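**Q** First the structure, then my questions, so here it is.
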Amino acid sequence: MPNRNPTFFSSYFALCFMIFSNVALVTSKSTIEPCSNSDSCNALLGYTLYTDLKVAEVASLFQVDPISILTSNAIDISYPDVENHILPSNLFLKIPILCSCVDGIRKSVSTKYKTRPQDTLSSIADSIYAGLVSADQIKEANSISDPSVLDVGENLVVPLPCTCFNGTDNELPAIYLSYVVKAVDTLAGIAASYSTTITDLMNVNAMGSTSIKAGDILAVPLSACASNFPRYASDYGLIVPNGSYAITASHCVQCSCGPGSRNLYCMPSSLAVSCSSMQCKSSNLKLGNVTVQQSSAGCNVTSCAYGGYANGTIITWLSSSLQPRCPGPQQFPPLLAPPTHVTRDSAFAPAPAPQSDGGSTTTVPKTVPSTGSLPGLAPAGAPMGSTSDASTLVNSTAAIPTAFMIFLLIKLIPPFSLSSLCYCYNTSGEQHKRIASFEPIGSGLTGSPEDVA
């Protein structure tokens, strides 16, 4: 057996380790929306349950109304004690949140988490909040100097990703879902699941290619029905995703966005107990009532519509219009029974959105900034440059040192053959295939992993 230089092989293995460790620097990315005002908007989080949880427990994690979680996912709220229904582990849910403008970017900072024994920042970020936040983001938001020491019962701010983009997508009403990419996902699959296009997803997230990786957080536009309430209404800016509904006005009013619809329809809620009057003035019509009268000129449509909730009062207004033909029956989102189990498809793929019957979608290119991050660093705290200089979800800078290491690797190998010289391991301990097979140039020497060992 030829006598190999141990120094060379030590250097070689070191280079192997450096290369694959460097590849790991290409970490999860998240799209960031810059902002410059104090306005808030409605947004959604794509959340996968890390264990079996009651509806109320999930709501407590995000400090939202349990009913709002059920309605956002078109789950029937008429079931007895539905707030204590146990949802199965790995269930995918859309969580409604309020998206604020903080330090020049959109994010939600209303979520607080009370630490428990055995909690770490990593377990809170990766498991409990399913990758919607990083350990470093929690550390920065709470000015934690030593992340290895967490006091039990400590209330931590959990900054969560969200985007608004003026509540529109291609100039049509939309609400944005922050979706954590899974290992089995493709951009085409996500686009199909949410009734959008690859082009639209790439434009929204300022992506230079269709490449995505597990842990990336995409902003996914969902077709929606928007409200037009006055600013003084407590539910100003209400927007409901297509195929779901919302409860507002202190649980007195239910607003829905039917399949393929762009028109918000509101009516008294099944939860209504003690509510202000829902009758339109100077009319015998109540909220949600519609009358139609056919005439030679068309169809006269009169309706009692919802106008928002202010100071404990349900605002209603009477509208009349002449339409070419009378509208058909109101289409409501199909309701689901509270889920008790999860199939493989629903556990590892995004929840499907209702299919629109409005035909094909025309996309209008737009660019919004996104950001990348390295291990140990949170995403940028504020946008860099203008929207025309938006970075993509793919961090190309990590490829530079990797290419340099490969260049050195080739240069350092002596002019003899090493066939399948070494095995290398990444930071997760996975064994990679042999990375090098060099044929001799004017030499009859050969090598194998056993020779190296």
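**Q** Which net charge results for the neighbourhood of ALA191, defined as the other residues with beta-carbon distances under 12 angstrom from its beta-carbon, given Lys and Arg at +1 and Asp and Glu at -1?
**A** Numbers: positive: none; negative: ASP185, ASP200.
Net charge in that neighbourhood comes out at -2.
**Q** At a 10 angstrom cut-off on C-beta neighbours, averaged per residue, how do the peptides 172-184, 222-234 rank from highest to lowest?
**A** Values: 172-184: 21.5, 222-234: 17.9.
Packing order, densest peptide first, comes out as 172-184, 222-234.
**Q** Ignoring solvent entirely, what values of log10 I(q)/I(0) come out of the Debye formula for the range 40-146 at 0.11, 0.20, 0.21 Å⁻¹ when each Cα is a single scatterer?
**A** Values returned for q = 0.11, 0.20, 0.21 Å⁻¹ are -0.37, -1.13, -1.22.
**Q** While we're looking at this one, here's another question. Rounded, prolate or oblate, given the Cα gyration tensor of the range 147-259, with a/c below 1.5 counting as rounded? All intermediate terms of the calculation are to be shown ahead of the outcome.
**A** Details: a/c = 2.14, a/b = 1.10, b/c = 1.95.
Note, shape of the range 147-259 comes out oblate.
**Q** Quantify how much of the Cα-Cα distance distribution of the range 210-283 extends past 17 Å, in percent.
**A** Values: 1537 of 2701 pairs.
Counting pairs separated by more than 17 Å, the tail of P(r) holds 57 percent.
**Q** Apply the a/c threshold of 1.5 to the C-alpha gyration tensor of the range 170-212 and tell me whether it is rounded, prolate or oblate.
**A** Values: a/c = 1.79, a/b = 1.40, b/c = 1.28.
It is prolate, given that a/c is not under 1.5 and a/b is the larger ratio.
**Q** What does the highest-first list of 275-284, 71-80 look like by mean Cβ count within 10 Å? Working shown, then result.
**A** On the way: 275-284: 14.2, 71-80: 17.0.
Taking the mean over residues of other Cβ atoms within 10 Å, the ranking is 71-80, 275-284.
**Q** Quick one: Cα convex hull volume of the range 90-184, Å³ per residue?
**A** On the way: hull volume 12.3 nm³, N = 95.
Per-residue hull volume (Cα only) is 130 Å³.
**Q** Moving on to the next point. Using a ≥ b ≥ c from the Cα gyration tensor of the range 36-96 (square roots of the eigenvalues), is it rounded, prolate or oblate, where a/c under 1.5 gives rounded and otherwise the larger of a/b and b/c decides, a/b for prolate? Could the numbers behind the result be given before it?
**A** On the way: a/c = 2.24, a/b = 1.64, b/c = 1.36.
The shape class here is prolate.
**Q** Roughly what % of Cα-Cα distances in the range 236-354 sit above 21 Å, to the whole percent?
**A** Values: 3475 of 7021 pairs.
Value for the range 236-354: 49 percent of Cα pairs lie more than 21 Å apart.
**Q** Next question, about the same structure. Summing Lys, Arg as +1 and Asp, Glu as -1, what charge do residues with Cβ under 12 Å from the Cβ of ILE144 carry, ILE144 excluded? Show your work: numbers first, answer last.
**A** Numbers: positive: LYS139; negative: ASP136, GLU140, ASP146, ASP151, GLU154.
Combined, the nearby Lys, Arg, Asp and Glu give -4.
**Q** Taking the Cα centroid of the range 279-326 and of the range 116-189, what is the distance between the two, rounded to the nearest whole Å?
**A** The two parts, judged by their Cα centres, are 42 Å apart.
**Q** By accessible area of protein heavy atoms, probe 1.4 Å, what ranking do ASP39, ASP103, ASP119 get, highest first?
**A** Numbers: ASP39 65, ASP103 115, ASP119 25 Å².
Correct descending sequence by accessible area is ASP103, ASP39, ASP119.
**Q** Using the heavy atoms of the protein chains alone and a 1.4 angstrom probe, what is the accessible area of the range 213-352 per residue in square angstrom?
**A** On the way: 7460 Å² over 140 residues.
Per residue, the range 213-352 has an accessible area of 53 Å².
The values are calculated or read from the model by the stated rules, or taken from the named source; none is laboratory data. All values reported here derive from a predicted model rather than from experimental measurement. FYI the Cβ positions are ideal-geometry reconstructions off the backbone, even for glycines, and counts take in every protein chain you see. To get the accessible areas, we keep the full protein, side chains included, count just its heavy atoms, and leave off ligands, DNA and RNA. Shrake-Rupley method; radii C 1.70, N 1.55, O 1.52, S 1.80 Å.
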